[in-house]
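In what follows, a single structure is set out as structure tokens and then discussed.
The values are calculated or read from the model by the stated rules, or taken from the named source; none is laboratory data. Since we're looking at a predicted model, the values are computed, not measured. We place every Cβ from the backbone using ideal geometry, glycine too, and count neighbours over all the protein chains shown. Surface accessibility is based on the protein's heavy atoms, side chains included, excluding ligands, DNA and RNA. Shrake-Rupley method; radii C 1.70, N 1.55, O 1.52, S 1.80 Å.
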Amino acid sequence: MKTALITGASRGIGKAIAEKFAKEGYCLYLTCSKDIDSLNEYSKRLSKDYGVNVNAALVDGGNFDEVKAFFEKIDSLDVLVNNAGISYVGLLSDMTKEEWDRIMAVNLDSVFHTCKFAVSLMLKKHQGSIINISSVWGNIGASTEVAYSASKGGVNAFTKALAKELAPSNISVNALACGFVDTDMNKHLSKEDRECLKAEIPADRFTDPLEVSDAVYKLATMPPYLTGQIVTMDGGWT
């Protein structure tokens with residue numbers, strides 16, 4: 001039975017990805033940084049509904065030691081989905097050094113931490129798939145989201161470079177650069193702002209976590225020759 005690790009799985013995109021992989025028969029390792037009670041309950045439900053083993057853990061992806069300790073419990077891994085992420089909206093001049101560091105730790109450092117240990121497991125099997133959840137802002141940048149854009153741009157470059165490193169070992173590395181996904185992360189926007197954004201999107205709607213989870217699963221199960229790609233999923237927006 002195949003195994004997948006999804007970070008940031010207690011809500012939104014990560015939660016939907018977890019259910020998709022459970023439905024497809026994967027045993028799961030799920031992490032979150034805060035709401036472990038909710039993730040534990042969700043894990044029990046997935047295990048019951050789909051008959052797979054689901055392990056939930058409280059792990060700060062930006063903390064190297066916590067990630068290392070978590071991976072000591074994993075002996076096999078087929079798919080890694082780096083989904084955990086946070087945002088910051090505001091002028092760069094108003095941002096504190098602590099806020100900048102936290103964005104980079106959660107959005108970018110965490111990808112290094114998990115990949116470092118996941119790769120070792122995948123090399124043993126000479127196969128595997130790594131999917132990094134990125135953003136259109138990592139491609140083009142966004143005003144008042146400089147740190148977030150920079151972190152996701154780093155994820156994109158990381159993805160392309162690691163893909164070249166792992167291609168000879170039959171391990172694919174790709175990123176899904178999402179546009180506007182209707183999740184809690186975007187709830188701060190007013191109704192007017194949401195309507196303005198929607199008007200800019202040729203598809204005339206936002207996407208949802210279920211669509212993203214379908215795309216992630218398809219990427220993870222593509223032939224390994226598809227690697228090093230930043231796949232943009234934004235309804236034609238950018």
Spatially proximal aspartates and glutamates relative to residue 152 (Cα-Cα < 17 Å; intrachain offsets below 8 disregarded) | 99, 101, 109, 234
Longest principal axis of the chain (C-alpha) makes with the long axis of helix 146-166 (C-alpha) an angle, in degrees to the nearest 10, of 30
Label-point separation, residue 170 to residue 37 (7 Å along Cα→Cβ), nm | 4.6
Among the lysines in the range 1-90, how many pairs, 8 or more places apart or on different chains, have alpha carbons under 21 Å apart?
-> 18
Principal-axis tilt of helix 12-23 within the chain, Cα atoms, nearest 10 degrees = 30
Three principal axis lengths of the range 137-207 [C-alpha, angstrom, descending] | 49, 25, 21
Given H placed 1.01 Å from N in the peptide plane, which residues other than close sequence neighbours of residue 29 have an amide H under 5 Å from its amide H?
-> 4, 5, 6, 55
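Provide the gained length on full extension for the span residue 140 to residue 127, in nm with one decimal, where the gain is 0.36 nm per separating residue minus the Cα-Cα distance. Write out the running numbers ahead of the final one.
Values: separation 13, 0.36 × 13 = 4.68 nm, distance 3.19 nm.
Contour length minus the Cα-Cα distance gives 1.5 nm.
Percent of accessible area on the range 131-208 owned by carbon and sulfur, 1.4 Å probe? Write out the running numbers ahead of the final one.
Details: 1820 of 3580 Å².
It is 51 percent, rounded to a whole number.
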Find how many whole Å separate the alpha carbon centroid of the range 54-109 from the alpha carbon centroid of the range 192-224.
-> 23
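May I ask you to derive the FRET efficiency for residue 89 and residue 65 from their Cβ-Cβ distance with R0 = 35 Å, giving the value to the nearest 0.05?
Given R0 = 35 Å and the Cβ-Cβ separation, E is 0.70.
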Expressed in Å to one decimal, the Kirkwood Rh of the range 108-227 from all distinct alpha-carbon pairs is 15.7
For residue 128, list long-range residues whose amide hydrogen, built 1.01 Å from N in the peptide plane, is under 5 Å from its own amide hydrogen.
-> 172
From the C-alpha gyration tensor of the chain, square roots of 5λ in Å | 27, 20, 19
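Could you tally the net charge around residue 175, taking each other residue with its Cβ under 11 Å from the Cβ of residue 175, Lys/Arg +1 and Asp/Glu -1?
Details: positive: 152, 160; negative: none.
Net local charge, residue 175 excluded: +2.
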Mean accessible area per residue over the chain (1.4 angstrom probe, all protein chains present, square angstrom) is 48
